[in-house]
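The structure under discussion appears below in the form of structure tokens.
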Amino acid sequence: MATAAHFEPDLPVTLADVRAAHARIRDAIVRTPTLVSKTLSKMTGATVWLKFENLQFTAAYKERGALNTLLQLSAEARAKGVIAASAGNHAQGLAYHADRLGVPATIVMPITTPTVKVVQTEGHNAQVVLHGETFDAAYAHARVLEAECGYTFVHPFDDPRVIAGQGTVAIEMFEDVADIDTLIVPIGGGGLISGMATVARAQSHGIKVVGVEAELYPSMYNRIRGTDLPCAGDTLAEGIAVKEPGGITARMVAHLVDDIVLVSERSLEQAVALLLQIEKTVVEGAGAAGLAALLAYPERFRGKTVGVVLCGGNIDTRLLANVLLRDLARSGRLARLRIRLQDQPGALFNVARIFDAERVNIIEIYHQRVFTSLPAKGLVTDIECETRDRAHLDRLIAALRDGGYETTQVESA
């Protein structure tokens, strides 16, 4: 992959393109802050700077590339309108700025798209067309409508105008923090990292650019490394769940990016939870991918001044709640204990006394008499409880066992 000296001068996007894009769009987007996280820096051993792109109006960086493209369309193209295929942030970013500029917008979405995303996109006065079960089907239909109606297709990542717009994230980061020496950037189709790496390579000091993909969707990793890892599964980072990266972006990544790392679903969940708990900011799975990499590979980044892009904050509230509860369970602050009892008066009361003595809060109790292999006079009770930390939970389990109760923890995934 790239080294500081390995730079191809005729790549389709230059620093001048990104600077021109920034001049074009900066008055119509949010100048999101780049802030140091003292707590995450202490946890990882790196100096961690976070770029809060989840604070854009549509809660994602995608506005930048969409707007840069819209502003370069001819009057005729604007009058006919634009079209895109997207089930997420690109749809909303394009619809929002097209509406603001008076450009008709059509967004083709798979019929499986959550209703909330359809409603949000329609809220920007875009015409939403639901077609196909998958993104690929929606994309193909969008290209058909493009040809039939004369629309301009705005690609979510594989377009130099879009790439230049996304690269403006790095322009702002280096203006705010000149001594960043490492960028960690999520990769889906590759538009964001291509634009940001273009800016990074033009800085006066050597900067490492590391891309991050979900383990379930290592499409750019496969393309660059020549591997054939499967791309499938239900990832928390659906915003970067791309099966085929762009041709333009793959070429740019090959020449400009130092490495690509893969992160697990568990790392993504941990990063989402930490950002809410520590930074009090909501990010989606893709938006947390940079921090997930920092947590998963601390030795790579220790001692570095690291810039991490929180690229989006559009996460379903129920999904966010599940992530937070799972994080509590994994940290030992929320637990389900399975306790074997005798089916007689006072059995549950005596167990509850141990919880009280250990100052553990009981949340739910589930008795099981029928679906168990225990004798007819035995029962199993599952007790969900809340503790301060793992050590507190361990003390409770020890006290229950000392009291003569067979106790096991029902582990989370």
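The values are calculated or read from the model by the stated rules, or taken from the named source; none is laboratory data. Bear in mind that the values here come from a model prediction, so they are computed numbers and not experimental data. Cβ placement follows ideal geometry from the backbone for every residue including glycine, while neighbour counts extend to all protein chains displayed. The protein model used for the area step is the full one, side chains on, heavy atoms only, and it has no ligands, DNA or RNA in it. Shrake-Rupley method; radii C 1.70, N 1.55, O 1.52, S 1.80 Å.
Side notes on the structure shown:
- Hits in the stretch 104-121 - residues which are modelled with pLDDT of 95 or more and either within 19 Å of residue 188 (Cβ to Cβ) or surrounded by fewer than 19 Cβ atoms within 10 Å (Cβ to Cβ) (or both): 104, 107, 108
- Scope the stretch 292-315; condition over 18 Å from the mean Cα position of the chain (by Cα) and surrounded by fewer than 21 Cβ atoms within 10 Å (Cβ to Cβ); matching residues: 298, 299, 300, 302, 303, 304, 305
- Checking each residue in the stretch 361-386 for being of a type in the set (A, V, I, L, M) and either modelled with pLDDT of 70 or more or part of a strand (DSSP E or B) (or both) picks out 362, 363, 365, 379, 380, 383.
- Evaluation of residue 4 against the conditions (1) modelled with pLDDT of 95 or more; (2) surrounded by fewer than 20 Cβ atoms within 10 Å (Cβ to Cβ); (3) within 27 Å of residue 255 (Cβ to Cβ) shows that the sole unmet condition is (1).
- Any pair with Cβ under 6 angstrom, 6 or more apart, that starts in the stretch 310-325 at a residue that is under 17 Å from residue 117 (Cβ atoms) and ends at one that is at pLDDT 95 or above and polar (S, T, N, Q): 312/54; 313/54
- Taking (1) in a loop (DSSP other than H, G, I, E, B); (2) buried (at least 19 other Cβ atoms within 10 Å of the Cβ) in turn, residue 272 satisfies each apart from (1).
- Each residue in the stretch 156-179 was checked for being assigned to a loop (DSSP other than H, G, I, E, B) and buried (at least 24 other Cβ atoms within 10 Å of the Cβ), and 2 of them qualify.
Here's the yes/no breakdown for (1) open to solvent by 40 Å² or more (accessible area, probe 1.4 Å); (2) aliphatic (A, V, I, L, M):
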| residue | (1), (2) |
| --- | --- |
| 184 | no, yes |
| 187 | no, yes |
| 195 | no, no |
| 200 | no, yes |
| 211 | no, no |
| 217 | no, no |
| 220 | no, yes |
| 232 | yes, yes |
| 242 | no, yes |
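- Of 199, 169, 212, all but one fail to be within 20 Å of residue 306 (Cα to Cα) and touching a Pro at 6+ places or on another chain (Cβ under 6 Å); the exception is 212.
- Screening 126, 95 for residues that are surrounded by 24 or more Cβ atoms within 10 Å (Cβ to Cβ), touching a His at 6+ places or on another chain (Cβ under 8 Å) and free of Cβ contacts under 8 Å to residues at least 60 places away in the same chain leaves exactly one candidate, 95.
- Residue tally, condition assigned to a loop (DSSP other than H, G, I, E, B) and among the basic types (Lys, Arg), over the stretch 387-413: 1
- Residue list for the stretch 244-257, restricted to those being out of contact with any Asp or Glu (no Cβ under 8 Å at 6 or more places or on another chain) and either open to solvent by 30 Å² or more (accessible area, probe 1.4 Å) or over 22 Å from residue 310 (Cβ atoms) (or both): 244, 250, 251, 252, 254
- Residue that is nearest to the chain's Cα centre (by Cα), among those in the stretch 394-409 that are of a type outside the set (D, E, K, R) and open to solvent by 50 Å² or more (accessible area, probe 1.4 Å): 408
- Of all residues in the stretch 27-83, those being of a type in the set (D, E, K, R) and under 19 Å from the mean Cα position of the chain (by Cα) number 5.
- Counting only residues that are assigned to a loop (DSSP other than H, G, I, E, B) and touching a Leu at 6+ places or on another chain (Cβ under 8 Å), the stretch 88-125 holds 4 of them.
- In the stretch 12-50, the residues that are under 21 Å from residue 251 (Cα atoms) and either at pLDDT below 95 or loosely packed, with under 12 Cβ neighbours inside 10 Å (or both): 16
- Restricting attention to the stretch 16-64 and to residues that are among the small types (Gly, Ala, Ser) and not in a loop (DSSP other than H, G, I, E, B), the residue that is farthest from residue 190 (Cα to Cα) turns out to be 41.
- Looking across the stretch 316-360, the residues that are open to solvent by less than 80 Å² (accessible area, probe 1.4 Å), within 19 Å of residue 394 (Cβ to Cβ) and part of a strand (DSSP E or B) come down to 334, 335, 336, 337, 339.
- Of all residues in the stretch 275-288, those being open to solvent by 20 Å² or more (accessible area, probe 1.4 Å) and either within 16 Å of residue 328 (Cα to Cα) or assigned to a loop (DSSP other than H, G, I, E, B) (or both) number 5.
- In the stretch 82-97, residue nearest to residue 146 (Cα to Cα) [restricted to those that are in contact with a Lys or Arg (Cβ under 9 Å, 6 or more places away or on another chain) and among the hydrophobic types (A, V, I, L, M, F, W, C)]: 83
- Restricting the first member to the stretch 105-118 and to residues that are under 18 Å from residue 136 (Cα atoms), and the second to residues that are of a type outside the set (A, V, I, L, M) and open to solvent by less than 40 Å² (accessible area, probe 1.4 Å), the beta-carbon pairs closer than 6 Å and six or more apart or on different chains are 107/121; 110/132.
- Applying a threshold of 8 Å to beta carbon distances and a minimum spacing of six or more residues, or different chains, the list of pairs starting in the stretch 346-357 at a residue that is of a type outside the set (S, T, N, Q) and ending at one that is open to solvent by 60 Å² or more (accessible area, probe 1.4 Å) and part of a helix (DSSP H, G or I) is empty.
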